[in-house]
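I have placed the structure first, in the form of structure tokens, so that the comments after it can refer back to it.
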Amino acid sequence: MKIAMVAECASPLTELGGEPASGRTVAVAAVAAALTRAGHHVTVYTRRQDPHTRTEVPAREGYRVVHVPAGPPRPLPRDQVLPFLGEFGTFLRRHWSLRRPDVVHAHFWMSGLAAELAARSHELPVVVSFHGLGTVKRRFHGLADPSPRPRIRFERLIATRAAQVLATCTDEVNELSRMGIPRFRIAVVPGGVDPALFTPEGPGDRGRPQRVLTVGRLVRRKGFDLAVRTLAELPGTELLIAGGAVGDELDDGETRRLRRLATDYGVTERLRLLGPIAHTAMPPLYRASDVVLCTPWYEPFGLVPLEAMACGRPVVATAVGGMLDTVVDGVTGRLVAPPEPATLARAVRMLLDDAQLRARWGAAGRQRVLDTFTWDRVAAATLRAYEHAIATQGGSLAAAPIAAGAR
Ligand code: UDP
């Protein structure tokens, strides 16, 4: 199958370069690679962010990356890309008249917009993965939400037009249903993990104080402040925070805020802010921790808990979003609601005090990943959605033979 993936601000080459990643870049790179391994022809379209890159670059994994000239050739904050999507869409439309794909898969709403614009004139089926919805973001951030104002309206429009909408978790299915998207056009396709890279065995430093790890882009909604307040309830424990501003995101002062909080709570000595870590250096970090703590306000999916599970580490997480589907309470970790430091600390303490329980839940997490969340399984589910989208599109074209014949 010829697959056009549109990921305007998630170049898979960033991930392949071993740089720190975001969930979306990791997912685009991994699914493109897995589909290529399965014998499909994948082209990923991403916005050009560097004037010196060639337009078309082959990825080591065998798929192609096309750098679309749209807007200034430098990284832009995610929320400033909207004005350049018309240009992006025009490029796609021209490209697809020369190289027609069988299906278009757009990642994030802005790619969805450009893809819909371009695909319509070629009557191509569009599959869209939002990787987080504007309605949820608005609910949690309120007036501080930096998303362009029309985001929610555009998302509804894109979802209504798409042949298939891929939700990353059950929570997102419910959200899409509330937006009026019929259930039969929604498929659940979760994120995944590479179980050969994220393994329980391998390098990772041992023989140190009890260590809790938390990982993610350093943005407020990841709830690192909650992790720092939890640390205050865990004497004798060290908290590592891995992450920083990634790629096109700007540090909004979160590092400073966390340092201040650590001082207020008297935990400066036990908090280590590691900054952004290369994605390939993540496995040893998971292995060098006893418990992985995930405390976001909301989470469209959350690759971090899966990576921790693949490394055989138990996860303590707030009971939100994708983690409701990935972490099994009392089997692979704990899901905590409401998200309060004392409750989170109790769950972490129980694990820190019991090496056997850590080992048991860690092993169960690893098994759960192998059973359900490998990228090959994710790619197979994605492919089923593509096939469904193509079949549906075929149906709607067949239903309009006069219009088709009139062209
Ligand atoms: N990550 C990384 N280096 C860092 C912090 C995070 O490579 O310093 C990676 C992490 O391993 C995971 C991804 O970034 O693969 C974060 O994905 P997640 O879905 O948890 O969060 P998102 O970025 O989508 O909000």
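Here is a yes/no grid of residues against (1) within 15 Å of the ligand (Cβ to nearest atom); (2) surrounded by 20 or more Cβ atoms within 10 Å (Cβ to Cβ):
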site	(1), (2)
Arg156	no, no
Asn174	no, no
Phe198	yes, yes
Pro209	no, no
Val212	no, yes
Gly216	yes, yes
Gly243	yes, yes
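Per-residue answers, yes or no, for (1) within 16 Å of the ligand (Cβ to nearest atom); (2) under 29 Å from Pro146 (Cα atoms); (3) at pLDDT 95 or above; (4) touching a helix residue (DSSP H, G or I) at 6+ places or on another chain (Cβ under 6 Å):
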{"residue": "Val26", "(1), (2), (3), (4)": "yes, yes, no, yes"}
{"residue": "Leu35", "(1), (2), (3), (4)": "no, no, yes, yes"}
{"residue": "His41", "(1), (2), (3), (4)": "no, no, yes, no"}
{"residue": "Gly62", "(1), (2), (3), (4)": "no, no, yes, yes"}
{"residue": "Ala70", "(1), (2), (3), (4)": "no, yes, yes, yes"}
{"residue": "Asp79", "(1), (2), (3), (4)": "yes, yes, no, no"}
Would you confirm, using the coordinates I've provided, whether Leu113 is in a loop (DSSP other than H, G, I, E, B) and either more than 22 Å from the chain's Cα centre (by Cα) or not polar (S, T, N, Q) (or both)? no
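If you go through region 310-338 one residue at a time, how many are aliphatic (A, V, I, L, M), touching a Phe, Trp or Tyr at 6+ places or on another chain (Cβ under 8 Å) and not in a loop (DSSP other than H, G, I, E, B)? Talk me through it step by step, then tell me what you get.
Taking region 310-338 as the starting set, the residues that turn out to be aliphatic (A, V, I, L, M) are 310, 315-317, 319-320, 323-324, 327-328, 331, 335-337.
Then drop every residue that is not touching a Phe, Trp or Tyr at 6+ places or on another chain (Cβ under 8 Å), which leaves 310, 320, 331.
Among the residues that remain, those that are also not in a loop (DSSP other than H, G, I, E, B) are: 310.
The qualifying residues number 1.
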On the given criteria, is Thr168 within 16 Å of the ligand (Cβ to nearest atom), closer than 19 Å to Phe301 by Cα, among the β-branched types (Val, Ile, Thr) and touching a Leu at 6+ places or on another chain (Cβ under 7 Å)? no
Matching residues in region 296-319 - criterion: being within 12 Å of the ligand (Cβ to nearest atom), touching a strand residue (DSSP E or B) at 6+ places or on another chain (Cβ under 7 Å) and either among the polar types (S, T, N, Q) or without any contact (Cβ under 8 Å) to a residue 40 or more places away in the chain (or both): Pro305, Ala317
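Return the total of residues in region 254-274 being closer than 29 Å to Phe130 by Cβ and either hydrophobic (A, V, I, L, M, F, W, C) or within 10 Å of the ligand (Cβ to nearest atom) (or both). Break it down into steps so the answer makes sense when it comes.
The initial filter retains those residues of region 254-274 that are closer than 29 Å to Phe130 by Cβ, namely 254-255, 257-258.
Checking the rest, the ones that are also either hydrophobic (A, V, I, L, M, F, W, C) or within 10 Å of the ligand (Cβ to nearest atom) (or both) come to 258.
Final tally of qualifying residues: 1.
Can you confirm whether Gly71 is farther than 28 Å from Asp194 by Cβ, surrounded by 19 or more Cβ atoms within 10 Å (Cβ to Cβ) and either in contact (Cβ under 8 Å) with a residue 24 or more places away in the chain or in contact with a Gly (Cβ under 8 Å, 6 or more places away or on another chain) (or both)? Write out each step before concluding.
Values: farther than 28 Å from Asp194 by Cβ: yes; surrounded by 19 or more Cβ atoms within 10 Å (Cβ to Cβ): yes; either in contact (Cβ under 8 Å) with a residue 24 or more places away in the chain or in contact with a Gly (Cβ under 8 Å, 6 or more places away or on another chain) (or both): yes.
Answer is yes for this residue.
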Restricting attention to region 320-336, the residues that are in contact with a strand residue (DSSP E or B) (Cβ under 7 Å, 6 or more places away or on another chain) and away from the ligand (no atom under 15 Å from the Cβ) number exactly 5
Out of Ala162, Ala187, Ala196, which single residue is farther than 26 Å from Val103 by Cα, within 23 Å of the chain's Cα centre (by Cα) and at pLDDT 95 or above? Ala196
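The values are calculated or read from the model by the stated rules, or taken from the named source; none is laboratory data. This structure is a prediction, so every number in the text was calculated from the model and none was measured. Every residue, glycine as well, gets a Cβ built from its backbone with ideal geometry; the counts of neighbours run over all protein chains shown.
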